[in-house]
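The values are calculated or read from the model by the stated rules, or taken from the named source; none is laboratory data. Source: prediction; values computed, not measured. Methodologically, a virtual Cβ is constructed for each residue, glycine included, from the backbone with ideal geometry; neighbour enumeration extends over all protein chains shown.
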Amino acid sequence: MKAICSIVSMLCALAAQTSAQAQTRDLPVEIRNHSEPVLCAEKDNVYLSLQSPQVKRFQIQAVHPAYIGSIVADRWAPDWTSCDIPINPSDSANVRRATIYESPELQLVGLIYPSFWRPAKVPVRVGDRVIGGLHLVQLWVRHQERAEEVLVVYPPDGYWRARPLPPAHMKWTAYGSSFLVGPVEVSGRPLVDLREIRFDPSTKTFAFTFAGGGSGQLRLSTLDQDRIVLDATLSADTPATQPFAALRSMYVTEFNADVARVAWRSRDAKGWDESPLMSFRGANAVEFWAGRTTPSRHNTSAPDMVFSRFRAEESGPR
């Protein structure tokens, strides 16, 4: 009888262990490519959506491109060739700046533009301080006695951009692709409709609520001269019928793009699959990379983007 009880206990323990492993195993998500060809290098024509009704936590990385060590002359100036976008030179001169939070190691800065494509109705809160009307929020950190801007968010439409600290041979690197976190909807262009943003300096975490219900967090967990790692979580009541994340970028040609190629790893696959961006037909993946393998004339030093560790649990990625 004791032997039988012992066997039953072992089976129960094994079943519990298997169940726990299944819960922490990466989930495959559906990657869809909605990108369209354009001639204007300043238009976000790349739209890659990530969808799964189960995913409540995942990881986003911005990683220096493989060729970062070979860059001698960086390029980051806008290229308005073949663009019909109206440009007002006075806009950049009339930007207003507000410091939201400041410490010896961190600074959170808000910018107000003369115009933006959506109303600036999302308040940004740090402790008891609340500022409204912001179009852009910048997170700066101190590195080697300098202030480095590493993460930004546009509160009106939920667009984020991230970049690692510059490598030793460079003083500065460019931003490139944007990403969205939360229920992605399309209203003129893809966006995440935010209700409020809160920042906790002690944990370097942005918490936000969505206008359509639910909430999310984005925590800066790793930052060095190779990559920046962001842990994303979504609450259980966040709508799951829409994409939970998306990548927005630009592509004109292989040599004029912020992202030109994609690679993905399917569950249980023995290797990675790769494709040029514009011919990518979508995939179910547990890890997804979007970036460049050759230098571009547009934002040459901008980072590659990696989405991974898709999990169902609401606690932070392991």
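Assorted remarks:
- Residues (of a type in the set (Ser, Thr, Tyr) and more than 14 Å from residue 33 (Cβ to Cβ)) located in the range 233-253: 233, 235, 238, 241, 253
Rundown of residues vs (1) of a type in the set (A, V, I, L, M); (2) loosely packed, with under 12 Cβ neighbours inside 10 Å; (3) modelled with pLDDT of 95 or more; (4) over 17 Å from residue 308 (Cα atoms), yes/no style:
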position	(1), (2), (3), (4)
25	no, no, no, no
32	no, no, yes, no
42	no, no, no, yes
61	no, no, yes, no
76	no, no, no, yes
87	yes, yes, no, yes
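- Among the candidates 187, 178, residue that is closer than 25 Å to residue 257 by Cα, among the small types (Gly, Ala, Ser) and without any contact (Cβ under 8 Å) to a residue 60 or more places away in the chain: 187
- The strands (runs of 3 or more DSSP E) located wholly in the range 239-302 that include 2 or more residues which are farther than 22 Å from residue 174 by Cβ and either hydrophobic (A, V, I, L, M, F, W, C) or touching a Gly at 6+ places or on another chain (Cβ under 9 Å) (or both) occupy 261-265, 283-285.
- Residue selected from the range 214-226 under the condition in contact (Cβ under 8 Å) with a residue 24 or more places away in the chain and crowded, with 20+ Cβ neighbours inside 10 Å, by the criterion nearest to the chain's Cα centre (by Cα): 218
- Breaking point among (1) surrounded by 18 or more Cβ atoms within 10 Å (Cβ to Cβ); (2) under 24 Å from residue 158 (Cβ atoms), for residue 301: (2)
- For the range 254-270, the count of residues that are more than 17 Å from residue 29 (Cα to Cα) and of a type in the set (S, T, N, Q) is at least one.
- Options 290, 269, 312, 302; residue that is modelled with pLDDT under 95 and of a type in the set (A, V, I, L, M, F, W, C): 269
- Residue, surrounded by the fewest Cβ atoms within 10 Å (Cβ to Cβ), within the range 129-146, restricted to residues that are modelled with pLDDT of 95 or more and in a loop (DSSP other than H, G, I, E, B): 132
- Only one of 159, 175 that is at pLDDT 95 or above and touching a Leu at 6+ places or on another chain (Cβ under 9 Å): 159
- In the set (1) within 26 Å of residue 41 (Cβ to Cβ); (2) more than 23 Å from the chain's Cα centre (by Cα); (3) surrounded by 13 or more Cβ atoms within 10 Å (Cβ to Cβ), the condition left unmet by residue 98 is number (1).
- Subset of the range 164-213 [farther than 30 Å from residue 75 by Cα, surrounded by 23 or more Cβ atoms within 10 Å (Cβ to Cβ) and β-branched (Val, Ile, Thr)]: none
- Taken together, 203, 233 contain a single residue that is hydroxyl-bearing (Ser, Thr, Tyr) and closer than 27 Å to residue 28 by Cβ, which is 233.
- Single condition residue 150 does not satisfy, out of (1) within 18 Å of residue 60 (Cα to Cα); (2) in a loop (DSSP other than H, G, I, E, B); (3) among the β-branched types (Val, Ile, Thr): (2)
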